[in-house]
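Taking it in order: structure first as structure tokens, then the write-up.
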Amino acid sequence: MPAEPLRVLSVIPPMTQLNTPYPSTAYLTGFLRARGVPAVQEDLALALILKLLSRRGLLAVRDAITALPAAQRTPWVVAFSENFERYLETISPAVAFLQGRDATLMHRIVGRAFLPEGPRFAALDAYVDPDTGDPLAWAFGALGTHDRARHLATLYLNDIADVLRDAIDARFEFVRYGEQLAQSQPTFEPLAQALAAPPNLLDRSLQELTLAALQRHQPTLVLVSVPFPGAVYAAFRIAQAVKAFAPNIVTALGGGFVNTELRELSEPRVFDHFDYVTLDAGERPLLALIEHLAGKRARGRLVRTFVREAQSSQVRYINLVEPDIPFADVGTPTWDGLPLQDYLSLLDMLNPMHRLWSDGRWNKLTVAQGCYWKKCSFCDVSLDYISRYETASAETLVDRIQAIVHETGQTGFHFVDEAAPPKALKALAAELLRRRTIVSWWGNIRFEKSFDAALCRQLADSGCIAISGGLEVASDRLLALMKKGVTVDQVARVTRAFSDAGVMVHAYLMYGFPTQTVQDTVDALEYVRQLFEAGCIQSGFFHRFACTVHSPVGRDPAAYGVTLQALPRVSFAKNDVGFTDASGVDHAALGVALKKALYNYMHGIGLEQDVRSWFEMPVPRTRVARNRIERALAQVA
């Protein structure tokens, strides 16, 4: 009997982003179509949110609240119930406004009488203008009506998200769902128990959407890509629905979470849901799997793929060594089939740079595969997505950019590289300018000294509007220990060159790195304050250092003065590993102050204050001269 014709469906599971599609399915769909394989894609993350944020969805939420005992109804739930009719009347118009379908509604929204206002709106009171009484005048002034309305509508949706969390599923957030069920979980048991529990409203909604997608496309192979731990639970719910509907449909799991955390997978129960689990860049394993399903190669000739043996039920890793598809040959991603007009442009952070992550429909593209530096001691430099560095020519990249603009009608690009190489960006900018291709783009870089004033102006002329980069701990000693290859002064000069060219700058910041003292932390915050004050950076984010088993710190902890905590036996996810730092610093308490200070700096508040004022415990005076960054910048001038 001839094999059934292969039809591939790639899906994005909840939750990733609401303003733009996660790019994995676009890459795989474009790659497969270029090789003649029938392939389609669905964004079930967006579909789930739009299903819930509708009149029918809110009615279902109200029914779930009615079934809750009164003692379990939080203030968020009570406020929603008391204003339910207003939520029901306004949900469709508010969503349409955030989708860009009804711009004139902004005038009603900014009047503050149209949308019901729940607990999320309370934060506005912290910034009331003493002269006008307007809590948003500092951000939007007399005009800025559209952005003001989008911020208010975003708070409105966040209020509803809080209700979904409190009344339906405590694991739910707009950007992650059930994250703790998967993140560095050594055993599958927590996830297995969650999947065996009776489905709640979110589960049932996702199941309905999955079945509808199967009926539309009639796939023989379903690919589920999970980039983050916060998409794993929903990915397994999707596979559960597929197998219940049609056990003969083949399911395969891949993506960033798998590549990072499931490298030692030995849990057979994973394969009750997924027939295959693939590692690292998906193109070569996928081609091998498709050839196997078509009867053109034996199962034992798969590439970087976990399977469960039928007789023993043991998990087996198969890796017939074959060369990966060169980055220049992976083809152009396609967004065909995704509802680009339905994504929600949200404005939750009132900072021009920070808003880019949730605002606007960006075409996500990669300038190069992997990282050209691959030395940072906190990074997973031993894994393929970092260690295998490949580039494509500027001509090839601009060909892809032009094809995507033609397909989507959108000229905004987010380059999602680990760190886009300066040489490649320079060539890309020159090619964009040569072809007079009009785009707006932003992406991640290292603060290399090669980003001088001339190159920054050239990048800005080509359409660069913003860049982000890792300053990490603003300490030359710790930067050297991290093997970042930069200094604080160099970062100041590079970021100033970008800012002077009209390019916004976001700094990734870290605290709690091995051997970091309280003094180091105070000094780092002072450096950050000065960078904001000097106009070098406009945005930033502090995150707590986490040691991973794939990083240089995790592989050689003694070199960094830490002792790793013993891990339990791992059959499922393995990534973060606890450690003991002899310094004994309470980094959690310091982190609260760092994040509070940074939030205020991003809004232009408190830049004149002594950095010690942000800490609720005694900390030493900073050793950094208050004009240190100015001196570093003067050396260039």
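Restricting attention to segment 73-95, which residues are farther than 16 Å from Glu117 by Cβ, modelled with pLDDT of 95 or more and surrounded by 15 or more Cβ atoms within 10 Å (Cβ to Cβ)?
Hit for segment 73-95 is Val95, nothing else.
Could you tell me how many of the residues in segment 326-343 are among the polar types (S, T, N, Q) and open to solvent by 40 Å² or more (accessible area, probe 1.4 Å)?
2
Which of the residues that make up segment 477-527 are open to solvent by 50 Å² or more (accessible area, probe 1.4 Å), touching a residue at least 40 places away in the same chain (Cβ under 8 Å) and either assigned to a helix (DSSP H, G or I) or closer than 25 Å to Ala588 by Cβ (or both)?
Arg477, Arg493, Arg496, Asp500, Tyr508, Thr517, listed by residue number.
Looking only at segment 352-371, which residues are farther than 19 Å from Ile401 by Cα, buried (at least 19 other Cβ atoms within 10 Å of the Cβ) and of a type outside the set (A, V, I, L, M)?
Hits for segment 352-371 are His354, Arg355, Trp357, Ser358, Asp359, Gly370, Cys371.
Return a yes/no flag: does segment 505-521 have any residue that is within 26 Å of Pro421 (Cβ to Cβ), touching a Leu at 6+ places or on another chain (Cβ under 8 Å) and among the β-branched types (Val, Ile, Thr).
No, because not a single residue in segment 505-521 is within 26 Å of Pro421 (Cβ to Cβ), touching a Leu at 6+ places or on another chain (Cβ under 8 Å) and among the β-branched types (Val, Ile, Thr).
Can you name the residue in segment 411-464 that is polar (S, T, N, Q) and out of contact with any Pro (no Cβ under 9 Å at 6 or more places or on another chain) and is also least open to solvent (accessible area, probe 1.4 Å) among such residues?
Step by step, filter segment 411-464, then rank; the result is Ser462.
Anything in segment 196-219 that is part of a loop (DSSP other than H, G, I, E, B) and surrounded by fewer than 18 Cβ atoms within 10 Å (Cβ to Cβ)? List them, or say none.
Across segment 196-219, the qualifying residues are Ala197, Pro198, Pro199, Asn200, Gln218.
List every residue pair whose Cβ atoms sit under 8 Å apart, with the two residues 6 or more apart in sequence or on different chains, where the first one lies in segment 17-39 and is free of Cβ contacts under 8 Å to residues at least 40 places away in the same chain and the second, anywhere, is outside any loop (DSSP other than H, G, I, E, B) and open to solvent by 40 Å² or more (accessible area, probe 1.4 Å).
Ala39/Arg33
When Ile238 is evaluated against the numbered criteria (1) farther than 20 Å from Asn575 by Cα; (2) in contact with a His (Cβ under 7 Å, 6 or more places away or on another chain), which criterion, by number, is the only one it fails?
Failed condition: (2).
Return the residue satisfying two criteria in turn: it lies in segment 549-576 and is without any contact (Cβ under 8 Å) to a residue 40 or more places away in the chain and assigned to a loop (DSSP other than H, G, I, E, B), and of such residues it is farthest from Pro514 (Cα to Cα).
That would be Ala566.
So, in segment 37-50, how many residues would count as being of a type in the set (S, T, N, Q) and assigned to a helix (DSSP H, G or I)?
0
Would segment 564-582 turn up any residue that is over 22 Å from Arg263 (Cβ atoms), open to solvent by 50 Å² or more (accessible area, probe 1.4 Å) and modelled with pLDDT under 95?
Yes.
Counting only residues that are within 22 Å of Tyr22 (Cα to Cα) and either within 26 Å of the chain's Cα centre (by Cα) or in contact (Cβ under 8 Å) with a residue 24 or more places away in the chain (or both), give me the helices (runs of 4 or more DSSP H) lying completely in segment 375-459 with at least 3 of them.
384-387, 394-408
Which numbered condition in (1) surrounded by 21 or more Cβ atoms within 10 Å (Cβ to Cβ); (2) at pLDDT 95 or above is the only one that Val473 fails?
Only one criterion in (1) surrounded by 21 or more Cβ atoms within 10 Å (Cβ to Cβ); (2) at pLDDT 95 or above is unmet by Val473, namely (2).
Go through (1) in a helix (DSSP H, G or I); (2) of a type in the set (A, V, I, L, M); (3) surrounded by 23 or more Cβ atoms within 10 Å (Cβ to Cβ) one by one and return the number of the condition Ile467 breaks.
Single failed check for Ile467: (1).
Kindly establish whether Val636 is aliphatic (A, V, I, L, M) and at pLDDT 95 or above.
In short, no.
Please work out which one of (1) open to solvent by 10 Å² or more (accessible area, probe 1.4 Å); (2) closer than 23 Å to Val315 by Cβ is the condition Phe174 fails and give its number.
All conditions are met except number (2).
Quick one: in segment 586-617, which of the residues that are in a loop (DSSP other than H, G, I, E, B), at pLDDT below 95 and open to solvent by 50 Å² or more (accessible area, probe 1.4 Å) is nearest to Gly512 (Cα to Cα)?
In this case the residue turns out to be Asp586.
Does segment 238-261 contain any residue that is part of a helix (DSSP H, G or I), acidic (Asp, Glu) and free of Cβ contacts under 8 Å to residues at least 60 places away in the same chain?
Scanning segment 238-261 turns up no residue that is part of a helix (DSSP H, G or I), acidic (Asp, Glu) and free of Cβ contacts under 8 Å to residues at least 60 places away in the same chain.
What tally of residues in segment 341-374 results from selecting those that are in a loop (DSSP other than H, G, I, E, B), closer than 20 Å to Thr408 by Cα and among the basic types (Lys, Arg)?
Counting residues in segment 341-374 that are in a loop (DSSP other than H, G, I, E, B), closer than 20 Å to Thr408 by Cα and among the basic types (Lys, Arg) gives 1.
The values are calculated or read from the model by the stated rules, or taken from the named source; none is laboratory data. As the structure is a prediction and not an experimental result, all values here were calculated from the model. Ideal geometry is used to build each Cβ from the backbone, glycine not excepted, and the neighbour counts take in all protein chains shown. Just so you know, the surface numbers come from the protein's heavy atoms only, side chains and all, with ligands and any DNA or RNA stripped out. Shrake-Rupley method; radii C 1.70, N 1.55, O 1.52, S 1.80 Å.
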